[in-house]
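Take a look at the structure below.
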Amino acid sequence: MQAKLTGREEQALAVTPTDNPKAYDAYLHGVASEPRAHTSFSHDLAEKAIGFYERAVQLDPNFALAWARLSREDALFYFNLEMPNRAARGDAAKRALENAQKLDPNSAETLLALGYYQYWVLNDHERAKTTFGRVSKMLPSSSEVPYALALVNRREGHWDESIAYWEQALALDPRNAELLVNAAWTYTMLRQFPVAIKLYDRVLDITPNNPDVMAAKAGIYQAQGNLQEAARFLSGVNEQTLSEDNFVIKIAQLRFERNYGEAVRLLQARQAQFHFASEIDKVRDQVPLALTQRFAGDTAGAKVTGGQARNTLEPLYKDQPNETLARSLSQAYASMGEKGSALKLAEHAIMLLPRAIDAVDGPAVEQDLAMIQTIFGENSRAISTLTELLQTPYGWGYGLAPITPAHLRLDPIWDPLRADPAFQKLCEEKQH
């Protein structure tokens, strides 16, 4: 295998946990596949890693370590999966965990799998932290536990604790690209952009031209108002780009440049040509197309595209009302000019995922509401929402970054607010 393994991965491979060489080979491929799957959020790459572990346990059903890693990957996929088959993925994580527990209940890998199941599937942060604490006594020199605790603390909005755990993990494993990326994400959420850039550059030293890191850097340059530098890192993103997040950052760039024609062309090309993992993935690209058409002045086109998205989303939302579907459906209504439905669903999405429960994603739902308030002339409410968001660390506002004064200055979404002195004040960079 040509893949470079991090210190954490090398530790996992230090013992040979199966007598079946083909099972072990499949396991090694799974371990090597994890970092890109984790940092790209690509469903295809996640399924590839899971497939290797499934092959390993099929070849050797007593391969406890492979069951533990399979459980972790299934649990993470459950956590990141919107719809459909989410419940089935959680069940798969539980089955794999139970097999690992039967075979090797007290191993560090089995306990790590349990901790991640508690965190990602059960959403029980306290039990997860307790489980990870048990593992720290077993693996005092491993980055595994500080990595896990950094994730949980970040989700809870314990930003200082999360940063401390990232730094601890990186001191133990300084060339672990996945650690570096996650630490950079956290600094990005805190708007500590120079630190994040330095961490991303360390990743590029390890994996040159890493497309996810290049797009993430572009997102930071956008947040700083440097569109020229951002464009340099996005030249390789097109309709076939695997990572949805990289594609979103590219579309934002075109919107900031007010190049609606190219944004619409690219979104339409992706709808026509890209292999989406599910119908919900496809429709979640259809909604930005409808909104882009609306911002470009193509009201009729936006109504058609938004209507198609609404027809797919409404039955899904009725069947399983969650924050992701509520957000997409509210934006579909907004693209069609249906104010009441759009605002009602955007507000309901915040109730489904409040920032008190999820400090990373929760505020991004509020940002969606601010956009919809702006579209429908609720200017003072939008400015109030934006004022609060500018003081809040979070992720996924613009790509991986939270909203900044530069976003407010550049993004045509906020054009209806520009005459308001309160908004003009928000657009000013704070002097440190």
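Just so you know, all these numbers are worked out from the coordinates, no wet-lab data involved. This structure is a prediction, so every number in the text was calculated from the model and none was measured. Don't worry about glycine lacking a Cβ; one is built from the backbone with ideal geometry, like all the others, and counts go over all protein chains shown.
Comparing 31, 113, 79 along the charge dipole axis of the chain, the residue lying farthest to the positive side is 79, per the Cβ-charge model.
Given +1 at the Cβ of Lys and Arg, -1 at the Cβ of Asp and Glu and no other charges, the dipole of the stretch 1-141 around its Cα centre is 260 debye to the nearest 20. Modelled this way, with points 7 Å down the Cα-to-C-beta line, the labels at residue 161 and residue 44 are 3.9 nm from one another. Centre-to-centre, using Cα atoms only, the stretch 51-113 and the stretch 238-317 are separated by 34 Å.
Using only side-chain charges placed at the Cβ, +1 for Lys and Arg and -1 for Asp and Glu, the dipole size of the stretch 314-393 relative to its Cα centre rounds to 160 debye. Among residues other than residue 160 with Cβ under 13 Å from its Cβ, the summed charge is -2 (Lys and Arg +1, Asp and Glu -1).
Among 264, 31, a tally of other beta-carbon atoms within 10 Å of each Cβ gives an order, fewest to most, of 264, 31. Residues 381, 36, arranged from fewest to most other Cβ atoms within 10 angstrom of their Cβ, appear as 381, 36. Amide H to amide H, with H built 1.01 Å from N, residue 401 comes under 5 Å of 396, counting only residues 5 or more places away or on other chains. Please find the FRET efficiency linking residue 198 to residue 125, where r is the Cβ-Cβ separation and R0 is fixed at 45 Å, and quote it to the nearest 0.05. Calculated value: 0.95. Simple spin-label estimate for residue 380 and residue 276 gives 4.0 nm between the two label positions (7 Å along the Cα-to-Cβ direction from each Cα).
Would you mind checking 282/318; 22/102; 250/339 for any pair whose Cα atoms are more than 26 angstrom apart?
Where the Cα-Cα span goes over 26 Å, the pairs concerned are 250/339.
Each of the peptides 91-97, 322-328, 387-393 was scored by the mean count of other Cβ atoms within 10 Å over its residues; in descending order, highest first, they stand as 322-328, 91-97, 387-393. Considering only 377, 268, 16, whose Cα is most displaced toward the positive end of the charge dipole of the chain, charges sitting on Cβ of Lys, Arg (+1) and Asp, Glu (-1)? My answer, from the dipole projection, is 377.
Quick one: dipole size for the chain, taken about the Cα centre, charges +1 on Lys/Arg Cβ and -1 on Asp/Glu Cβ, in debye to the nearest 20.
Value, rounded to 20: 420 debye.
Positive end of the dipole of the chain (Cβ unit charges, origin at the Cα centre): among 299, 288, 213, the Cα lying farthest that way belongs to 299.
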